[in-house]
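Remarks on the structure that follows.
Each value in this text was obtained by applying a stated rule to the coordinates, not by laboratory testing. These numbers were taken from a predicted model, which means no experiment stands behind them. We place every Cβ from the backbone using ideal geometry, glycine too, and count neighbours over all the protein chains shown.
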Amino acid sequence: MSLLLAFCMIVMPFTVAYADGGADTKSVISVTDSGELHAAVSNAKDGDVIQLAANIAITTSNLSFDVANGEVTLDLNGFTLSRNGTDLTSSATLINVKSGSLIVDDTRGNGQILANETYTGKAGETAYTLRCVQVCGGAEFTLRDGTLENTNKDFNATQTISNYGTVNVESGTIKGVTGIFCFAPVLGSPAWSNQKAVRNISGGEILGTPAESYQGGYKDGYVGASYGVALYGPGYTTSGVDNDAVILNMDGGVIRAMQGIGTNASSGKYAGFTINMTNGLIDGTKNGTGMYLPAMGVTNIYGGEVTGAQGIRICAGELNMTGGTLTGTALSDGSDLVAGGSGGTNGALVAGKASNGYVGNIDISISGDAVIRNTASGSDVRPTIVVSDKNMASIASQEIKNKDGDTISNYSYNDTSISVSVDGAEIEGDVVKISNLTQSTPTSDGGDTTLQLHNASVSGSVINQTSGTSLSVDGGSIGGDVENIGKGSISMQKTSVTGSVVNNDAGAVTVVESTVRGSVENSGRNLGGTVTLIGTDVEGGASDSTVLPSVRDNQIVSSNGKTYSSAELGKALSDLPAGGTLYLGKGTFAASGINQFLIDADQSNVTIRGQGDATVIDTGSYSVYGQAGFFVGADNVTIENLKIVSTSADPNVSAIKFSYGNTPYRVLQGGTLRNVTLSCGKGHGANIHGVDGMLLDGVTVEKTGKLSISVANSPEVTVRNTATAAGGWGSDIGVMYTEGDSAYENVSHVILGSGNNFANNGTFYSEYTGNKIGSSQGQFTSEEEDGMVYRLPDEQLGKYVYTTQIPRAALIRSGEDPLYFGDPNDKNLIDALEAAEDGDVIEVAGDPPAGSYTITVNKAVTIRGRDDSAIIGDLIIAADGVKIEHTDLSEVDVQVADGISTADLSHNYWGGEPVELDGVEVYPYHSTPEMQPDDLVEEPDDKPSGGSSSDDSSVGSPLPTVPTDPGDPTDPTDPSTPSGFVSDTTSDLTVNGTYQFRITSLDGTIPFLTVDNANFRVEFASQEGNDFFFKIHAQGAAGSTTGVSVNGVRLLTATVGGSATGVISDTTAPFTVKKGETYQFRLTASERPSFAAGSASFTVEYAGQIGSDYFYKVYAAGNVGDGCGFYINGEASPVAVATIA
């Protein structure tokens, strides 16, 4: 009888009463050992409470909670639940919440859940990773009380909680070198792509434990580091950024770590998150950072406190702060921004881009009851807000990557912006704007970087030490000094300054209608520095400064010391020296004759500044040179904060024109229209003819007879935050005239920035014919990815259309402008193929054509479909190297010419399973005409192998990798629990490009595949039932190896194939080229390889790049019979040999 009772105790644990915080009493399943606990978890039902009655150590499988739509409570009851890393035979998880809701409570206190991990990441070690808690997509976990901890003190310790679902922290403690990783669910499984990862913190504490080692030893920058909460978004896409996939809501509690909250930039790979903070404390400790925000996302702070040596370090995204306190705890030590992580420049708020990889603008708005402060004591600068323009003028091309690590676009920092606006907030400390502080490493500083203080109360000083950008103050008070100690500028109006105003270098300071209790000094006068005081009271005296009266209504004040009436604008302009400024008051400044409102060629670098739309320059019926009411003919002229009106009946007269008016003709260098309103009855609003580096920012065209903006002969014109009028031509912006003499020899290029509002839905007119590759197309580009494209109507007048649609055939040749085959027509793919050469890409889009045609593809081209593209009729594959992808082939009859062996028709829709074709790859294929990543069908099981080796470029969900930068949070590993699996491949293999594994889960849990090093990259490709497909991509040198493991179990060794330098050539066999003709190589590599001919009988020319493919053309320059080898990266043996025929 006693034996029977003991057995019953195992399968039916003891049941008692459980009071859930005053709620209804629930039945409790009391457990005393691992067996009872596993049984209770396996049989758990909605409403169950599992209560520990003893300390329990888990030694075998995970505790997997899988109660769909149900709620289970685990009461620690003062006891400890643990799992030891020394017991593991593969990577494991202590608690895995697969579905439903799990609540962890501790009704008696001092209860713990401990993951005693021993893993360090050191090469060759036998230890495995151990998660304390994992929450799968759609599941929910709540910590009501108790302590969760990963006791591993190595930097590479696994995060205590991995969250792909919802985690709520109401009380209790979460501890570990890294507390919580919150991943976009799609990073864990394609099945979770429609889920959100949410983190709600209303109490408790998340404590980062300082790392005591790195891979078991010491490494500077790693030892001592700790992380609270890290957020990983779903990544940048061609549609932009999804900020709703990862959400952190904080309304209480404490996060304390050397990096309290962190995101990951990785060139956009983990972009997308939202942080909402209304209460609580985020403490980055005295040497750390409260929030590290390098990724694109949105952070809203309504209350609570963020503190650290760096309170917030932001490199991209949007930050809105309307309440709460942001605290910096350290004095300035002169450190520059740190690339790849937090640290470096101290400050309560530090904004800037230390190096490449931080995709997107920085937009910061601080207002309301927000308090920004620095609590450090000492005589050095106490930085509160620090804005750096370092690297912001760089034109170097950078990559934007999606979640799979694939490059989907390029940009430069010169096309992005940093905007910091403070409105009415309280600032306790100093405000600083900086450039590169490490002058031994020159960078391209400046760019579109603004810092504006409006009605702010600053207890300390305001300092601009940039090499050329501005800082503005409008209203409010400054308790310290105003210092311009670089070559930048400070503009200040209606502000009270307790200290002094100092200009120490070649920069400029302008103070309007303000009060300065100290002195005003221009010690940079001998360097060209200027200080201009307009209507400003200075109690301590002003030296080496220009003192001007206040600007009154209907009055003009010039920096030359003179004042003019509203009727004397023409004279004021004529008198203005180069580099001078006119300040216009409110009122109307009207012309009384022709050629009055002119800035001539010798008046470079002048500024005309009004007071908004209340300042009106009325040119009436008059004009300058019969071309514009206001004419700018000098370099780098700025017109800002005013309105220009022309009522001329002459359609050749624009409101304003920028153009060199003298002879011989030349292109102007620079010009700015900022916050200007334009109205013109018959002509253009703004006429930009011959300007390189023109900026229209905040321009509003109220009325125009032709175009809002006309552009001609201008290499670069940038348009941001601009609103156009409908106009008489039905277009917003026009590029005028074909190529011609010196006045029209330059191809115009218009760059569209953010914030534009186009009345004609973004229709752009062009008079270039653009009828050949390399012509004047590509005149309009965007600072953002919006898919704008070019169309060429039949009448040979171009029209750019601001749309996400592309024309039906676009021929793309590396190194040349695209050739677009007009409005949609039935034969444009045939036309594109006629013009194409080997290595070209043809993009097709739009509805299928009405007719049926025979299409012969006799060149090694890629045909890439977009939208609902289809091919109808007979398709003949007549060349090796043909690739057709993302295209509807359901109504096509495919024929393959004899001898074809390397054609690729995979990743298409066939209307069913495709027919096998000799020499043509057809798998994987799309099962639906929408052709989405999740409808891919791989090769059936009865085919030779579930794995495949190719250079296929299809994308899937990645397995995030180990970080290389010490400041970034450790990147996520894939969601998994130890489980049984079967791999279709178990023998060592060599990979040229890509190899795909099929891993079959035997218990339904998600397996994960990893590699030992960076010689290969892992990608999660797709899932079909319990079959999980992973791809490994070779990216190391030829011959380099890596170990491949599944769930921590070593599977095989993979070796990089290809040439000795890791480059794959499309041509390796001997071939012939006719004398005087060319042959093109395609080399696939991670970076551009060198390629050389072994003799003078052939010349080599670089022909461009498409993705990871690099093209080289070889020209047969020698005599018939000459032979030549071709060499990659200086290899000893040629990759191929050619003979001239």
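Spatial offset of the range 38-99 relative to the range 1069-1133 amounts to 62 Å, using the alpha carbon center of each. The stretch between ASP934 and THR515 holds 144.3 nm of extra length on full extension. This uses 0.36 nm per residue minus the Cα-Cα distance. Electrostatic tally near GLY1039: other residues with Cβ closer than 14 Å to its Cβ, Lys and Arg +1, Asp and Glu -1, net -2.
With 27 Å as the limit, the listed pairs LYS487/LYS703; LYS494/LYS586; LYS196/LYS353; LYS433/LYS643 have LYS487/LYS703; LYS196/LYS353; LYS433/LYS643 beyond it between alpha carbons. Available extension along the chain between THR856 and SER239 is 218.7 nm, counting 0.36 nm per residue and deducting the alpha carbon span. As a rough guide to protection, the peptides 266-273, 729-736, 644-651 ranked by mean Cβ packing within 10 Å, highest first, stand as 266-273, 729-736, 644-651.
Modelled this way, with points 7 Å down the Cα-to-C-beta line, the labels at THR1072 and ASP537 are 9.6 nm from one another. Full extension of the chain between SER377 and ALA578 gives 67.8 nm of extra length, using 0.36 nm per residue less the Cα-Cα distance.
Mind checking the dipole of the range 482-609: about its Cα centre, +1 per Lys or Arg Cβ, -1 per Asp or Glu Cβ, Debye to the nearest 20?
220 debye
For MET931, MET291, the sequence from fewest to most other C-beta atoms within 10 Å is MET931, MET291. Seen from a random direction on average, the alpha-carbon convex hull of the range 334-401 projects onto 6.1 square nanometres. In this calculation the C-beta distance from VAL1137 to ALA835 is compared with R0 = 35 Å, giving a FRET efficiency of 0.70.
Could you compute the FRET efficiency for ASN1013 and TYR665, with r as their C-beta to C-beta distance and R0 at 56 Å, rounded to 0.05?
On the way: r = 60 Å, r/R0 = 1.07.
Efficiency, rounded to the nearest 0.05: 0.40.
Once the Cβ-Cβ distance of THR60 and VAL915 is raised to the sixth power relative to R0 = 35 Å, the FRET efficiency obtained is 0.10. Our note on the geometry: Cα centres of the range 430-491 and the range 166-213, 38 Å apart. Each Lys or Arg adds one and each Asp or Glu subtracts one; over the other residues with Cβ under 15 Å from the Cβ of THR1139, this totals 0. Computed from label points 7 Å out along Cα-Cβ, the spacing between ASP474 and SER754 is 1.9 nm. Here, the range 497-627 is characterised by an Rg to Rh ratio of 1.03, where Rg is the alpha-carbon radius of gyration and Rh the Kirkwood radius. Within the shell of other residues whose beta carbon sits under 15 angstrom from the beta carbon of LEU642, the net charge comes to -2, with Lys and Arg scored +1 and Asp and Glu -1.
With each pseudo-label sitting 7 Å past Cα toward Cβ, what's the ASN249-SER409 distance in nm, one decimal? Spacing of the two 7 Å Cα→Cβ label points: 3.1 nm.
Scattering from the range 1064-1140 was approximated by placing one identical point on each alpha carbon and applying the Debye formula without solvent; log10 I(q)/I(0) at 0.27 1/Å stands at -1.35.
So for the range 283-419: antiparallel DSSP bridges make up what percent, rounded to the nearest 5? Mind showing how you got there, number by number?
Working: 4 of 35 bridges.
Beta bridges within the range 283-419, antiparallel portion: roughly 10 percent.
Normalising the Debye intensity of the range 67-162 to I(0), with uniform scatterers on Cα atoms only, and taking log10 at q = 0.11, 0.20 Å⁻¹ returns -0.34, -0.95.
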